[in-house]
Amino acid sequence: MRHGDKINNLGRTASHRKALLSNLANALLVNKRIVTTLAKAKALRVFIEPLITKTKKNENKEQISHNHRLVFSALNNKEAVKELFTVIAPKVAGRPGGYTRIIKLGKRIGDNAETALIELVDFNEVYGKGTEKAATGTTKRTRRAGGSRKKAEAKEETATAETKPEETTIQEAAEEAKPE
């Protein structure tokens, strides 16, 4: 029985799985997005998100160097660690988690494996338009029902805007008709 066994072993030994996730994480940090199988993408998310969180916890000098060592022991790649601490960490500083996004792409032709694109959320230009507002805290949360109210208010405004010019023209006509 596998009660409570939440790790996906991916059909590999522990050392092979560790090397696989390390290589996938290095590729993700350098390229900002990669295409892989859905199972590997889900396993990679669990592997890399705590590492990105470690880059944000920089209270003092010892803590910074300790986090560098911990991240390097997981990645074993100086370039990826440098990219993580210099480029990625400042961008995700305001984000409380959820640094990656998995998008399903469908089945692969050769072996019918479910493929997915995993990417760093803050480095996507297509979806990145709203992240600037989210970081500043100026987003407005509304209910779905608010859309119909806004439409009704807009119709009322246009109706009043249309009647106001008519009223002014009637008033102007009445003033012109008055004998002076």
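Counting only residues that are out of contact with any Lys or Arg (no Cβ under 8 Å at 6 or more places or on another chain) and either among the basic types (Lys, Arg) or surrounded by 14 or more Cβ atoms within 10 Å (Cβ to Cβ) (or both), region 1-20 holds 5 of them. Of the residues making up region 92-109, those that are in a loop (DSSP other than H, G, I, E, B) and β-branched (Val, Ile, Thr) are 92, 109.
Whenever a residue of region 95-113 is touching a residue at least 12 places away in the same chain (Cβ under 8 Å) and surrounded by 15 or more Cβ atoms within 10 Å (Cβ to Cβ), its partners that are assigned to a loop (DSSP other than H, G, I, E, B) and not aromatic (Phe, Trp, Tyr), lying with C-beta atoms within less than 6 angstrom and at least six residues away or across chains, give the pairs 99/92.
Residues checked against (1) assigned by TED's automatic domain parsing to the domain that holds residue 110; (2) under 21 Å from the mean Cα position of the chain (by Cα); (3) within 17 Å of residue 121 (Cβ to Cβ); (4) outside any helix (DSSP H, G or I):
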position: 5; (1), (2), (3), (4): no, no, no, yes
position: 51; (1), (2), (3), (4): yes, yes, yes, no
position: 59; (1), (2), (3), (4): yes, no, no, yes
position: 82; (1), (2), (3), (4): yes, no, no, no
position: 90; (1), (2), (3), (4): yes, yes, yes, no
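The values are calculated or read from the model by the stated rules, or taken from the named source; none is laboratory data. Just so you know, these numbers come straight off a predicted model, no measurement behind them. Cβ sites come from the backbone with ideal geometry, for glycine too, and all protein chains shown count toward neighbours.
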